[in-house]
1. Among the helices (runs of 4 or more DSSP H) lying completely within segment A:296-367, list those that include at least 1 residues that are without any contact (Cβ under 8 Å) to a residue 24 or more places away in the chain and within 29 Å of A:Val524 (Cβ to Cβ).
2. Being open to solvent by 10 Å² or more (accessible area, probe 1.4 Å) and assigned to a helix (DSSP H, G or I) is the filter here, so list the residues in segment A:124-153 that pass it.
3. Pairs please, first residue from segment A:508-519 and farther than 12 Å from A:Met652 by Cβ, second anywhere and open to solvent by 10 Å² or more (accessible area, probe 1.4 Å) and part of a helix (DSSP H, G or I), Cβ atoms under 6 Å, 6+ apart in sequence or on different chains.
4. Which of the helices (runs of 4 or more DSSP H) contained wholly in segment A:1-115 include at least 1 residues that are aromatic (Phe, Trp, Tyr)?
5. Can you tell me which of A:Ile434, A:Ile438 is more than 27 Å from A:Phe470 (Cβ to Cβ) and modelled with pLDDT of 85 or more?
6. Tell me, yes or no, whether segment A:338-346 has at least one residue that is open to solvent by less than 50 Å² (accessible area, probe 1.4 Å), of a type in the set (Phe, Trp, Tyr), modelled with pLDDT under 85 and under 28 Å from A:Ile413 (Cα atoms).
7. Could you tell me whether A:Ser170 is hydroxyl-bearing (Ser, Thr, Tyr) and without any contact (Cβ under 8 Å) to a residue 40 or more places away in the chain?
Amino acid sequence: MSSKTIKIALAGNPNSGKSTLFNSLTGLNQQVGNYPGITVDKKTGTCNLFSDIKAEIIDLPGTYSLYPKSLDEKVSQDILCDITNLDYPEVTVIIADSSNLRKSLLLLTQIIDLKMKVVLALNMLDVSRDLGIVIDKDVLSEELGIPVVSINARKHEGLQNLKDTILDVSTPKKTIFSVSTLFPVLIAEGNNIRGKENDYATFLSLCKQKLNNNSAVKIKLEVLSKDEGFNPTRSLATETVRRYKEIDKILAKCIGENTALIKRNFTKRIDDLLLHPVLGYLFFLLVLFFVFQAIFSWSQLPMDWIDNGFSFFRNWVATNMPQGMLNDLIVNGILAGLGGIMIFVPQIAFLFAFIAFLEDTGYMARVSFITDKILRGFGLNGRSIIPLLSGAACAVPAIMSARTISSSKERLITIFVVPLMSCSARLPVYTLIISMMIPETASWGMFNVQGLVMMAFYLLGFIAALLTAFVLKFIINQKEKGYYVMEIPSYKIPDYKTVIYTIIEKVKVFLFDAGKIIIAISIVLWVLSSYAPSGAFDRIEQEYANVENAEVVIPSKKLEVSYAGMIGKSIEPAIKPLGFDWRIGISLITSFAAREVFVGTMSTIYSVGGTDNYSIKQKLKSAKNLETGEVFFTTAVGISLMLFYAFSMQCMSTIAVVYRETKGWKWPLIQLLYMSVLAYMSSFIAYSILS
Amino acid sequence: MKKLSELQIGEKGILSSVEDDFLEQQLLEMGVTPGQVIELERKSPFKDPIAILVSNLLLSVRLSDAEKIIIQIENE
């Protein structure tokens, strides 16, 4: 017997437990894909409905209705209203939070009136009953004319019943609100034009919703609405009000006294603390402190494991594979690139563990509530605070976390400015240069000068990010209206499974989508630094074969004559005004892979044996200016170099992630250009003043 | 009649009208329909946004939006 697959769409309000139900149904059988042309992720998964019947489930973004206002909502509308859409479902499951049933029913009744097969899943009926809300689900089912099942997505309860119901469901028996009572002539004419007897679909297409119309029909409908003096915006409002009247009539028959005060009082008491003008911010600082600890310190151990594991593996491959270019490509190109990708996994996992946890408890909406006013002035919103501050640890997970910002303009600005925050990869560069320029014992009053300079650079990144955001606020033009009325959900105990699935999803997206680009750039960088015009490497090997320290001098000289070295030398005139020479030029090119590579390249190019900070520092300190013979690393050069690293986009992983998150090359390239110019200008100005 | 932005904390009123079509539609979809009771539960530390309670649902509203929401005070 051949197996059959049916398409199911999962829809519902934000915070209704939709993702939990999706996770419970599909488990690990889920993928994240793209909707063409937009930045919304498409989550799909499969599960078994019956022995030989499989379901392909699409998890639609949370929405309140079929009238789209944000991109996320438009996705749901495009799929549910367009019968020719590839994802058009055979059955739609609407999940509703039982303690807030009223607003879930708007979307549900719209779907019923589109005459689609639909099942209502009442989530956590038992919890709402404890709160004093009694829902008679049989009466509700009778009134709505569709099957209603009770589930608890978290506890996996009622799922089998839901699956059985999906298999049995038929087209709705009733129309909840007949829109033709409002516009009898218009709808009848519209039906004629469209050649379909579906009043509600006709109404939605008259409201200029994107529906399954060929262009001739579309034009006719436009003429019709003009002739009838049809005002889509007002009509939608009227229709929504009337629809809610019907919903209230239905609810009056099947819902008991609404006395859900226990939960609210509990939430209100916690809010008194967490939204308090002083305590609220203190608590938020505490939360931030933990998030920082996690991405800065706790992830260090797994990052070291990954680092050591890859080093070990690279050594093993290097010695056990036949020597030659292929060996080198695998070890220094591909494996180095892979290692460079994997190293981000712990930070991504930790940040998203926190974010999913805080989001699930309901706290993230509160963070937004207390920070919105401050950030709004900079073109950001309350949801930008976590990405922005996480950027001080690593821009990669930070940019991925900007997903939670629903206004696309504010999200774009956040993504754009996050890489200006001083991330942990700048730390080794800063540490090296600071320790070279400033004696460890230098102090300014009770403060250590090294520490003060380090702090100043972190602050500088933050200020640059805010100022850039402020300017972008006026530059970026977005027609889409923002979405500022936000639900502040009641507190609840977070579901550990949601946290785990979020981590898995984010890590997968990063590894597969951004990973491809990172590997490609790694290979290009490898080619540049391991190839040279023919014969150049041989000459070096012969020339320096017998010098003292041949094993450190030869790689240094080889790097100098390689293509990367040639580029480094050729850009010298451009970077000379910043106080840099070709040796730094080469390091700038190789550290495009990641900023911390700077330290390694510097140690190679200055032929330092070993890569510990102490020996590099000594070697660099004694480095001479190749023209004047004086000390090369003056304070002016040091500050200029640090400024360059503070502002330039020396991170291919960030570029890859911005590409992934904005779904195109436009923004990563603008960002690269902007940051390069900013870095160049500030280094130039600093060097000119200081030297 | 008062603007929502003029409500005191704890004060209640009945939603009368919204002077912005986009905002009105957004509120309608979240179930905030004319005739419903709105209570100003609290203000954020910088007095903007504000949190309103409508049929067991807590909503965060920016002050600039709250100025467009007209409320009928119950005892008027």
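1. Counting at least 1 such residues, we get A:300-320, A:325-328.
2. Within segment A:124-153, A:Leu125, A:Asp126, A:Val127, A:Arg129, A:Asp130, A:Lys137, A:Asp138, A:Val139, A:Ser141, A:Glu142, A:Glu143 meet the criteria.
3. Going by the 6 Å Cβ cut-off, the qualifying pairs are A:Asp513/A:Arg660.
4. Fully inside segment A:1-115 and qualifying: A:18-26.
5. A:Ile434
6. Yes, some residue in segment A:338-346 is open to solvent by less than 50 Å² (accessible area, probe 1.4 Å), of a type in the set (Phe, Trp, Tyr), modelled with pLDDT under 85 and under 28 Å from A:Ile413 (Cα atoms).
7. When the stated conditions are applied, A:Ser170 does not pass them.
Yes/no matrix, rows are residues, columns are (1) of a type in the set (Ser, Thr, Tyr); (2) farther than 28 Å from A:Thr109 by Cα:
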site: B:Gly13; (1), (2): no, yes
site: B:Ser16; (1), (2): yes, no
site: B:Leu27; (1), (2): no, no
site: B:Thr33; (1), (2): yes, no
site: B:Gln36; (1), (2): no, no
site: B:Ser44; (1), (2): yes, yes
site: B:Ser60; (1), (2): yes, no
site: B:Ser64; (1), (2): yes, yes
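The values are calculated or read from the model by the stated rules, or taken from the named source; none is laboratory data. Computed from a predicted model, the values in this text were never measured in an experiment. Positions of Cβ are backbone-derived with ideal geometry, glycine not excepted, and every protein chain shown enters the neighbour counts. Heavy atoms of the whole protein, side chains included, go into the accessibility calculation; ligands, DNA and RNA do not. Shrake-Rupley method; radii C 1.70, N 1.55, O 1.52, S 1.80 Å.
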